[in-house]
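Working notes, structure below.
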Amino acid sequence: MTKAKAPRVPRHIAIVMDGNGRWAKARHRPRSFGHNAGRRAVRETIEACLREGVQVLTLFAFSSENWQRPQDEVGALMSLFVRALDKEVDELHGHGVRLRFIGELAAFDDALRERMQAAMERTAGNERLQVNIAVSYGGRWDIVQASRRVAAAVACGELRVDEIDEAALGQRMSLAGLPPLDLFIRTGGECRISNFLLWQVAYAELYFTDTLWPDFDQACLRRAIEDYARRERRYGRTGEQVANAS
Ligand code: FPP
């Protein structure tokens with residue numbers, strides 16, 4: 001019996017970029033050194049997605065919980081984001097990349113928020129690849145903010161209680177309107193979701209690698225995509241049903 005394989009290239013990939021701190025520690029350098037090196041891996045991954053024809057890439061750059069890290073590390077990450085925005089946006093725009101920031105953007109200072117806003121507006125018309133950067137983001141936060149919007153729609157009479165379904169909530173999540181998440185990658189050896197895209201991960205294929213994020217390159221992404229292409233996605237059906245439907 002031939003089994004239905006996932007389409008060769010995932011439309012939407014999400015990545016938990018873990019391992020910067022350990023990469024730096026192995027080199028007797030501060031954690032911020034690892035985050036800086038992680039920037040190169042972000043560039044490599046975007047280039048690989050452009051080459052492979054991936055439509056959407058969602059990166060976990062800063063979680064709701066990361067605010068609890070030592071103040072100097074948070075500060076170093078903030079200035080890294082500012083530098084990255086100042087330096088990379090022109091090139092990304094030139095490659096047809098649309099940039100979007102998702103998360104509690106109100107938590108950031110005005111200067112950084114304005115840069116994020118400007119980058120989103122500048123690249124809004126691009127269609128080759130959408131890169132979502134999750135900052136001050138948590139999967140639970142996303143579900144809560146979508147629920148609040150559902151409640152507001154009910155309160156103003158736009159939506160009835162019996163109309164609340166998965167679609168009603170899904171349309172109010174941060175990644176609404178984008179292709180569903182196909183492939184969830186986590187680097188750095190831990191096998192957990194860590195409050196990333198909890199709603200969207202429901203039927204995603206999971207891929208965990210020991211590679212530390214600063215060492216992740218185009219060949220690593222290719223391996224993840226090849227692994228994905230060998231998976232059979234059943235969405236609750238039997239293998240036979242899937243094979244007969246394709
Ligand atoms: C997790 O590694 C990584 C982060 C919290 C920051 C991710 C940021 C980057 C990769 C910088 C570049 C990003 C953009 C969008 C320009 P960790 O510090 O938890 O590593 P550890 O598990 O080894 O301690």
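The values are calculated or read from the model by the stated rules, or taken from the named source; none is laboratory data. This is a predicted model, so every value here is computed, not measured. Heads up, the Cβs are rebuilt from the backbone with ideal geometry, glycines too, and the neighbour counts pull from every protein chain shown. The area values use the complete protein model at the heavy-atom level, side chains included, leaving out ligands, DNA and RNA. Shrake-Rupley method; radii C 1.70, N 1.55, O 1.52, S 1.80 Å.
So here's what we get for this one:
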| quantity | calculated |
| --- | --- |
| Accessible carbon and sulfur surface of the chain relative to its total accessible area, %, 1.4 Å | 50 percent |
| P(r) tail fraction, the chain - alpha-carbon pairs more than 31 Å apart, % | 26 percent |
| Which of 188, 219, 243, positive extreme of dipole for region 170-246 (C-beta unit charges) | 243 |
| Lys, Arg +1 and Asp, Glu -1 on Cβ, resulting dipole of region 95-198 about Cα centre, debye, nearest 20 | 260 debye |
| Residue with peak Gaussian network fluctuation, the chain [Cα springs, cutoff 10 Å], from 76, 219, 26 | 26 |
| Hydrodynamic radius (Kirkwood) for region 21-157, which is based on Cα pairs only, to one decimal in Å | 16.4 Å |
| The chain - accessible surface per residue (Å², probe 1.4 Å) | 52 Å² |
| Globularity index of region 105-147, i.e. its alpha-carbon radius of gyration over 2.2 N^0.38 Å | 1.36 |
| Candidates 98, 113, 186, ranked by Gaussian network fluctuation over the chain, Cα under 10 Å, top entry | 113 |
| Rounded Å value of the spacing that divides the Cα centres of region 155-185 and region 65-101 | 28 Å |
| For region 177-246, fraction of C-alpha pairs farther apart than 16 Å, in % | 58 percent |
| Proportion of all alpha-carbon pairs of region 1-98 beyond 25 Å (%) | 31 percent |
| Förster-model FRET efficiency, 25 Å R0, residue 234 and residue 168, C-beta, rounded to 0.05 | 0.45 |
| Largest-first ellipsoid semi-axes for region 86-227, taking √(5λ) over the Cα gyration tensor eigenvalues, angstrom | 28, 22, 15 |
| Gaussian network model of the chain, springs between alpha carbon atoms under 10 Å - residue of 226, 91, 73 with greatest fluctuation | 91 |
